[in-house]
Amino acid sequence: MDVQDIRALAEGVRGEVRKAVVGQDEVIDFMLTSLLVGGHILLEGVPGTAKTLITRAFAAGLRLQFGRIQFTPDLMPGDVLGTNLFNFQTNAFVLTKGPIFAQMLLADEINRTPPKTQAALLQAMNERVVTIDGKDYALGDEFMVVATQNPIEQQGTYPLPEAQLDRFLFKLIIDHPSRDEEREVVRRHGHRSAMPRLEDFALKPIADAATLAAVREAVTKVSLSDALIDYIVDVIRATRSHASLEFGASTRAANMLAAGVRAFAVLQGRDFVIPDDVKGLALPVLRHRLTMSPGAEIEGLTTDRILREILDQTPAPR
């Protein structure tokens, strides 16, 4: 596939998702970018901002098997992964697969479950494999986690550990729609209180597994110049020496940013990366990987503000 074919495919996916979701084009682009490089996404937004609907519509538009886990304080790792149950008819243990055996997994309110259960996702997110009773089960190249969390309700939540946050390619902030978008939402969906059913929108799959594999292969061939590699590394290293940050981004973050900008470029119809791609992806790739110093938190600084300062101060190639 050439870059124009991929751009047309991406526009087709956007068009299908728009049948059910108003606005949020940037989120759709980031989801496509993540899928093409094997990344995962953390969505943060208040209730009622279509986080679940976007994920379900995206999966439908790409013919991806959708699975959902509602994380709760009493959820156990076995509830996520599955367990071996003894079959008295065959006198053998049989695996009852958990909801993690999907291609697009929605981990809803992931910060409502204890760290032990959160950790059940680590191997799957990193290796696309789960181990149950000593046996490995592959999840497939299309496996992708979209986790959600509520930024305003902190009672009864368990903050995600740094090791798990580092597994997410992007952290996206889902905000309220614009007035015109909100008006369109009410016009389309204001006749019912329940979540819209995807069946009502007749979404058509735009791509299959073979097509996605071809697009991923094309992404690996996108040119990333030495000057842009230097720029990415300089941005990452600047996070480690910034006075307002206690801990900066890891080398994994540099690799993820490099992979992300390649996919983002090809979705825009280019087979090469430009500095604006790096600037556009730096915040969603890095905002959840940084730890602010106590003094910076007291001053009311945010990681996004610090990252913008770093991008302004780091010379970009011309």
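Heavy-atom accessible surface of segment 36-183, averaged per residue, reaches 47 Å², computed with a 1.4 Å probe.
Percent of accessible area on segment 1-158 owned by carbon and sulfur, 1.4 Å probe? Accessible surface attributable to carbon and sulfur in segment 1-158 totals 51 percent. How far is the Cα center of segment 164-199 from the Cα center of segment 1-30, in Å? Centre-to-centre (Cα) distance: 16 Å.
Inter-label distance, K221 to K97: 3.3 nm, where each label sits 7 Å from its Cα along the C-beta direction. Ranking E184, E246, E162, E309 by solvent-accessible area of protein heavy atoms (1.4 Å probe, all protein chains present), from largest to smallest, gives E162, E246, E309, E184.
Helices in the chain, meaning DSSP H runs of at least 4 residues, each add -39500 (n - 2.57). Divided by all residues, the mean residue ellipticity at 222 nm is -13000 deg cm²/dmol. Rounded to the nearest 20 debye, the dipole magnitude of the chain is 480 debye, with +1 charges on Lys and Arg beta carbons, -1 on Asp and Glu beta carbons, and the Cα centre as origin. The residues packed around I6, meaning those with a beta-carbon under 14 Å from its beta-carbon, carry a net charge of 0 if Lys and Arg are +1 and Asp and Glu are -1. Surface composition of segment 209-318: carbon and sulfur make up 51 percent of the accessible area, probe 1.4 Å. Shown are R252, R305, whose ranking by accessible area with a 1.4 Å probe and every protein chain present, most to least, is R305, R252. Hey, rough spin-label estimate for D141 and R237, points 7 angstrom out along Cα→Cβ, what's it come to in nanometres? Each label point lies 7 Å from its Cα, and together they span 3.4 nm. Here the gap between A163 and D180, fully extended at 0.36 nm per residue and compared with their Cα-Cα distance, gives a gain of 2.2 nm. For F93, the accessible area of its heavy atoms, probed at 1.4 Å with every protein chain present, is near 140 square angstrom. Label positions at M76 and T52, each projected 7 Å from the Cα along the C-beta direction, are separated by 2.5 nm. For N87, the shell of other residues with beta-carbons less than 15 Å away shows a net charge of 0, using +1 for Lys and Arg and -1 for Asp and Glu. Once the C-beta distance of N150 and V129 is scaled by a Förster radius of 41 Å, the resulting FRET efficiency is 0.85 to the nearest 0.05.
Taking 0.36 nm per residue of separation and subtracting the Cα-Cα distance, full extension of the segment from I298 to F88 would add 69.5 nm.
A 1.4 Å probe, protein heavy atoms only, puts the accessible area of E26 near 130 Å². With the dipole of segment 64-169 worked out from charges on the C-beta (+1 for Lys and Arg, -1 for Asp and Glu) around the Cα centre, which of T90, P159, F71 lies farthest toward the positive end? The residue sitting farthest along the positive end of the dipole is T90. Taking springs between alpha-carbon atoms closer than 10 angstrom, which of E142, E109, E217 fluctuates most in the Gaussian network model of the chain? It is E217. Under a model in which nothing but the beta-carbon of Lys, Arg (+1) and Asp, Glu (-1) is charged, segment 98-223 shows a dipole of about 180 debye around its Cα centre.
Within the assembled protein chains, the solvent-accessible surface assigned to H191 is about 130 Å², based on a 1.4 Å probe. The mean sequence separation of alpha-carbon pairs under 8 Å and at least six residues apart, normalised by the residue count of the chain, gives a relative contact order of 23 percent. Which residue fluctuates the most in the chain, going by a Gaussian network model with Cα springs under 10 Å, if the choices are V129, V145, V278? Between V129, V145, V278, it is V129 that shows the largest mean-square fluctuation.
Probing with 1.4 Å while keeping every protein chain in the model, the per residue accessible area of segment 248-310 equals 40 Å².
What fraction of the DSSP beta bridges in the chain is antiparallel, stated in percent and rounded to the nearest 5? So the antiparallel bridges amount to about 40 percent of the total.
The values are calculated or read from the model by the stated rules, or taken from the named source; none is laboratory data. Owing to the predicted nature of the structure, the values given are computational and were not obtained by experimental measurement. All Cβ positions, even for glycine, are placed from backbone atoms using ideal geometry, and neighbour counts span all protein chains on display. Surface accessibility is based on the protein's heavy atoms, side chains included, excluding ligands, DNA and RNA. Shrake-Rupley method; radii C 1.70, N 1.55, O 1.52, S 1.80 Å.
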